[in-house]
Amino acid sequence: MSVKENLKDIRTKIPSNVRLVAVSKTMPVAALQEAYQTGQRHFGENKVQEITQKHDVMPGDIQWHFIGHLQTNKVKFIVPFVALIESVDSLKLLREIHKQGKKIDRNINCLLQFHIAEEETKFGLDLNEAKELLEAIHKENLDFVTICGVMGMATYTDDSEQIRKEFRHLKETFHWLKETHFKQRVEFKEISMGMSGDYMLAIEEGSTNVRIGSNIFGIRTYV
Ligand SMILES: *Cc1c(COP(=O)(O)O)cnc(C)c1O
């Protein structure tokens, strides 16, 4: 099936209150253009150089989501245009995002990435690290970052109960943070979870933002 057909099919499965981010990492610009022509406006990328190059050639009304591990020395390249950095996993990174945002007077929307999977390799915060980070935002006046919610990746497994458990854990973390740190903050509303293999489960468990790559663009030949 074509990118257009895949998107059409996926959109019928996603409720209107859940945002679809088309994860276009490693895909050529032509594939993104095909998605754009169907009305797709949210795209996700995980490499700084790639997101920057694609941003330069694609239409200006695209909302670019950065979803990969972000090195502090590269923050400055995406801060001028990124719509949402979904993968904030350290205070050091958050401080740098604030600093670069302040320089150009642009508020940067961020999600806190939590480690919810069993796998050791996946990045993300635990609750204690998140608490520390939130205290620092307050103490250090990191007011050029806006925390809009949480993001997480479940274990890569066929065990749907395991996946469900991990998504539930992320949702509970979101609600706990909402209650304790963001009660008055309307912008703290996103639970980014669900990829090609598990987005229906994620939606059932309360996802507001699914990040889908291979189901739209086909299998990637490299990471
Ligand atoms: C690659 C990636 C996705 C999309 O993965 P698919 O399985 O191709 O849908 C989603 N989220 C993150 C963080 C990714 O790196």
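Heavy atoms only, 1.4 Å probe, whole protein assembly: order Met153, Met193 by accessible area, highest first.
In descending accessible area the options line up as Met153, Met193.
Among Tyr199, Ala22, Gln113, which residue has its Cα furthest toward the positive end of the charge dipole of the chain, with +1 on Lys/Arg Cβ and -1 on Asp/Glu Cβ?
Of the options given, the answer is Ala22.
With springs only between Cα atoms under 10 Å, which of Ala35, Ala136, Ala22 fluctuates most in a Gaussian network model of the chain?
The residue that fluctuates most here is Ala136.
In a solvent-free Debye calculation with one equal scatterer on each Cα, what is log10 I(q)/I(0) for the range 62-142 at q = 0.14, 0.17 Å⁻¹, listed in the order of the q values?
-0.45, -0.66
Only Lys, Arg, Asp and Glu count, each charged at its Cβ (+1, +1, -1, -1), so figure out the dipole size of the chain about its Cα centre, rounded to 20 debye.
Value, rounded to 20: 760 debye.
Could you please state, rounded to a whole Å, how far the C-alpha centre of the range 20-85 is from the C-alpha centre of the range 94-134?
Taking the Cα centre of each part, the range 20-85 and the range 94-134 sit 19 Å apart.
Calculate what fraction, in whole %, of the accessible area of the range 3-217 sits on carbon and sulfur atoms when a 1.4 Å probe is rolled over the protein chains.
49 percent
Dividing the Cα radius of gyration by the Kirkwood radius, what Rg/Rh value follows for the range 3-217?
Rg/Rh for the range 3-217 comes to 0.95.
Just to be sure I understand: of the beta bridges DSSP finds with both ends in the range 3-217, what percent are antiparallel, rounded to 5?
0 percent
The values are calculated or read from the model by the stated rules, or taken from the named source; none is laboratory data. Since this is a predicted model, take the numbers as computed values, not measurements. Counting neighbours? That spans all protein chains shown, and the Cβs are built from the backbone with ideal geometry, glycine included. Just the protein is used for accessible areas: all its heavy atoms, side chains included, with ligands, DNA and RNA removed. Shrake-Rupley method; radii C 1.70, N 1.55, O 1.52, S 1.80 Å.
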